[in-house]
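Below: the structure, in structure tokens.
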Amino acid sequence: MSRTKILYQCQSCGHAAPKWLGKCPDCGAWNSFVEEERIAKVKRQKTAEPVALSEISPSSDSRTSTGILELDRTLGGGVVMGSVVLVGGDPGIGKSTLVLQSLNGLTRLGKVLYVSGEESPEQVKLRAERLGIASDKIILLPETSLEGIISVAQEINPRVIIIDSIQTTFSLELPSAPGSVSQIRECATKLMFHAKKHAVPLFIIGHVTKEGAIAGPKVLEHIVDTVLYFEGDRGSPFRILRAVKNRFGPANEIGVFEMMESGLKEVDNPSHIFLSERPVNVPGSVVTVSLEGTRPLLVEIQALVTSSSFGVPRRTGLGVDYNRINLLIAVLDKRVGMHLGGMDIFVNVVGGLRIDEPAIDMGIIAAIASSFRNNTVGAGTFTFGEVGLSGEVRAVGQAETRIKEAAKLGFKKGIVPVNNSQKFEGNNIDIIGVKNVEEAIEILFY
Ligand code: TYD
Ligand code: MG
């Protein structure tokens with residue numbers, strides 16, 4: 001027995017309310033409520049048997065390579081059978097291209113069902129030809145109805161399913177429009193059941209809307225096993241694939257790609273690329289080491305400090321947290337005595353990268369100090385470390401990995417937290433441990 005119920009649902013976060021609301025109490029979005037019909041299933045029955053944990057014999061999680069190392073790494077070492085992977089990103093960033101390219105590896109599993117609700121089979125064929133993907137195991141299905149997709153999947157029994165995109169997929173059972181929260185949730189859940197039951201990997205492509213969430217959005221993150229976001233500047237050819245959630249591997253792992261005429265090309269040494277255009281001996285440019293997942297990444301941080309022509313000085317951060325910059329400026333002012341009060345300060349992470357890790361604090365501090373003093377930091381010097389409010393430089397995780405990566409790229413001198421420095425003394429790289437920001441600045445500039 002089932003009955004239907006009308007409710008209003010926020011299209012950006014999925015919050016449901018019995019009445020229409022102008023502003024979502026959950027995510028704060030305005031005018032985001034849409035009337036939806038919910039079918040409440042009242043019937044209950046036992047569907048699963050309880051099992052003791054000790055009695056479960058784990059099937060070794062067999063992984064299949066996609067043929068793209070950077071994608072495999074982001075997935076935690078390849079695709080797991082029966083796993084559901086959400087690939088999110090701005091329209092036009094390269095999601096379809098990435099998934100299409102991975103088919104060269106995935107067709108080894110057997111038939112691949114590529115459901116394209118956005119492009120015609122001819123368009124997909126043209127692109128596949130350009131990317132050099134040719135296999136008679138790829139079955140294209142220009143279908144948007146969920147029921148149609150599932151029935152084809154049951155009929156041809158593919159070993160991999162790709163849905164491009166979830167926003168164009170809709171269930172005939174629901175009255176709401178394609179792309180609405182309930183449609184997206186329903187379609188993803190039904191597809192997931194199919195994937196789990198038949199142990200086929202399922203890739204779901206989802207577009208991110210202006211607000212920064214996949215439309216009908218975040219609602220999918222808890223349903224799927226792995227969430228990959230494809231990021232990057234439209235202006236730059238570099239793309240970063242980031243694992244935001246992964247039930248089968250470390251989260252925050254990244255893969256780096258370059259968009260070329262012939263599709264996405266893997267970048268196996270991203271630090272090299274991010275540093276390749278670094279101006280040598282210019283004030284305001286400092287190299288720091290960030291850790292993305294398990295991978296150390298050397299990045300250049302640039303700062304520009306100029307005297308402000310307005311009453312309220314501007315502080316801008318690209319790729320770094322704005323509040324963090326303000327905090328670090330306050331530390332420099334109070335603990336080192338740098339008078340930055342009347343200065344406009346701009347900080348930028350080169351290469352369109354976004355870094356949230358506090359380990360780059362020292363990089364930001366050094367870049368600001370370097371620009372303010374018009375003093376350069378040596379080309380072979382790097383620094384990392386978290387900075388506290390009393391100006392202390394705190395130890396960060398995996399210092400050894402970071403230092404090794406810097407050494408590999410030819411850096412000669414590192415200014416690091418004192419608690420991270422001990423075991424590296426006597427290496428061919430000169431590691432100097434510092435206790436606080438004042439000490440670090442002294443070593444950097446004298
Ligand atoms: P696409 O994969 O269609 O993006 P999405 O599926 O995320 O919407 O990528 C489209 C962009 O990629 C488009 O602007 C053109 C560019 N592109 C290349 O530069 N080279 C290529 O070989 C391909 C296939 C696409
Ligand atoms: Mg696409």
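Give just the number: which of (1) in a helix (DSSP H, G or I); (2) more than 31 Å from the chain's Cα centre (by Cα); (3) free of Cβ contacts under 8 Å to residues at least 60 places away in the same chain does Gly433 not satisfy?
In the conditions (1) in a helix (DSSP H, G or I); (2) more than 31 Å from the chain's Cα centre (by Cα); (3) free of Cβ contacts under 8 Å to residues at least 60 places away in the same chain, Gly433 misses (1) alone.
Out of the stretch 224-267, which residues are aliphatic (A, V, I, L, M) and either within 10 Å of the chain's Cα centre (by Cα) or within 25 Å of Val124 (Cβ to Cβ) (or both)? Walk me through how you get there before you give the answer.
Just the residues of the stretch 224-267 that are aliphatic (A, V, I, L, M), to begin with: 224, 227-228, 240-241, 243-244, 251, 254, 256, 259-260, 264, 267.
Those that are aliphatic (A, V, I, L, M) and either within 10 Å of the chain's Cα centre (by Cα) or within 25 Å of Val124 (Cβ to Cβ) (or both): Val224, Val227, Leu228, Ile240, Leu241, Ala243, Val244, Ala251, Ile254, Met259, Met260, Leu264.
Just checking, does the stretch 102-110 include any residue being closer than 20 Å to Ile166 by Cα and modelled with pLDDT under 90?
no
Sort through Leu103, Leu109 and tell me the only one that's surrounded by fewer than 20 Cβ atoms within 10 Å (Cβ to Cβ), aliphatic (A, V, I, L, M) and away from ligand 2 (no atom under 11 Å from the Cβ).
Leu109
Of these, Ile345, Ile355, which one is in contact (Cβ under 8 Å) with a residue 40 or more places away in the chain, within 21 Å of Val416 (Cβ to Cβ) and in contact with a strand residue (DSSP E or B) (Cβ under 6 Å, 6 or more places away or on another chain)?
Ile355
Please enumerate the residues belonging to the stretch 240-257 that are more than 16 Å from ligand 2 (Cβ to nearest atom), assigned to a strand (DSSP E or B) and buried (at least 16 other Cβ atoms within 10 Å of the Cβ).
The initial filter retains those residues of the stretch 240-257 that are more than 16 Å from ligand 2 (Cβ to nearest atom), namely 240, 242-256.
Filter once more, so that each one left must be assigned to a strand (DSSP E or B): 240, 242-246, 254-256.
Answer for the stretch 240-257, where residues must be more than 16 Å from ligand 2 (Cβ to nearest atom), assigned to a strand (DSSP E or B) and buried (at least 16 other Cβ atoms within 10 Å of the Cβ): Ile240, Arg242, Ala243, Asn246, Ile254, Gly255, Val256.
Would you mention how many residues in the stretch 178-210 are away from ligand 1 (no atom under 16 Å from the Cβ) and without any contact (Cβ under 8 Å) to a residue 12 or more places away in the chain?
The first filter runs over the stretch 178-210 and keeps only residues away from ligand 1 (no atom under 16 Å from the Cβ), leaving 178, 180-202.
From what is left, the residues that are without any contact (Cβ under 8 Å) to a residue 12 or more places away in the chain are 193, 197.
Going through the stretch 178-210 one residue at a time, the tally reaches 2.
Where in the stretch 260-340 are there strands (runs of 3 or more DSSP E), lying fully within it, with 1 or more residues that are surrounded by fewer than 19 Cβ atoms within 10 Å (Cβ to Cβ) and either touching a strand residue (DSSP E or B) at 6+ places or on another chain (Cβ under 7 Å) or in the same structural domain as Glu400 (by TED's automatic domain parsing) (or both)?
Details: elements: 263-266, 285-292, 295-307, 315-318.
In the stretch 260-340, the matching strands (runs of 3 or more DSSP E) lie at 263-266, 295-307, 315-318.
Would you say Ala399 is modelled with pLDDT of 95 or more and of a type in the set (A, V, I, L, M, F, W, C)? Quick ask: steps written out before the conclusion?
Values: modelled with pLDDT of 95 or more: no; of a type in the set (A, V, I, L, M, F, W, C): yes.
Here the answer is no, as Ala399 does not meet what is asked.
Does Val115 meet the test of being in contact with a strand residue (DSSP E or B) (Cβ under 8 Å, 6 or more places away or on another chain), near ligand 2 (Cβ under 10 Å from one of its atoms), among the hydrophobic types (A, V, I, L, M, F, W, C) and in the same structural domain as Gly255 (by TED's automatic domain parsing)?
When the stated conditions are applied, Val115 does not pass them.
Only residues that are within 17 Å of Arg63 (Cα to Cα), crowded, with 21+ Cβ neighbours inside 10 Å and either of a type in the set (Lys, Arg) or away from ligand 2 (no atom under 16 Å from the Cβ) (or both): list them for the stretch 79-99, please.
Val79, Val80, Ser83, Val84 - these are the residues of the stretch 79-99 that are within 17 Å of Arg63 (Cα to Cα), crowded, with 21+ Cβ neighbours inside 10 Å and either of a type in the set (Lys, Arg) or away from ligand 2 (no atom under 16 Å from the Cβ) (or both).
Quick one: count up the residues across the stretch 118-175 that are of a type in the set (Gly, Ala, Ser) and either within 16 Å of ligand 2 (Cβ to nearest atom) or not assigned by TED's automatic domain parsing to the domain that holds Val87 (or both).
Residues that pass the stated criteria total 3.
Go through (1) modelled with pLDDT of 95 or more; (2) in a loop (DSSP other than H, G, I, E, B) one by one and return the number of the condition Ile345 breaks.
(2)
Being without any contact (Cβ under 8 Å) to a residue 24 or more places away in the chain, of a type outside the set (Val, Ile, Thr) and surrounded by fewer than 19 Cβ atoms within 10 Å (Cβ to Cβ) narrows it down to one of Ser151, Ser145, so name that one.
Ser151
Within the stretch 228-251, work out how many residues are farther than 10 Å from Thr74 by Cβ and of a type in the set (S, T, N, Q).
Qualifying residue count for the region: 1.
Can you list the strands (runs of 3 or more DSSP E) found entirely within the stretch 78-167 that contain at least 1 residues being in contact with a His (Cβ under 8 Å, 6 or more places away or on another chain) and more than 9 Å from ligand 1 (Cβ to nearest atom)?
Because the criterion is at least 1 residues that are in contact with a His (Cβ under 8 Å, 6 or more places away or on another chain) and more than 9 Å from ligand 1 (Cβ to nearest atom), the strands (runs of 3 or more DSSP E) in the stretch 78-167 that meet it are 84-89, 160-164.
The values are calculated or read from the model by the stated rules, or taken from the named source; none is laboratory data. What you are looking at is a predicted structure, and each value in this text was computed from that prediction instead of being measured. With ideal geometry, Cβ positions are generated from the backbone for all residues, glycine too; neighbour counts draw on all protein chains shown.
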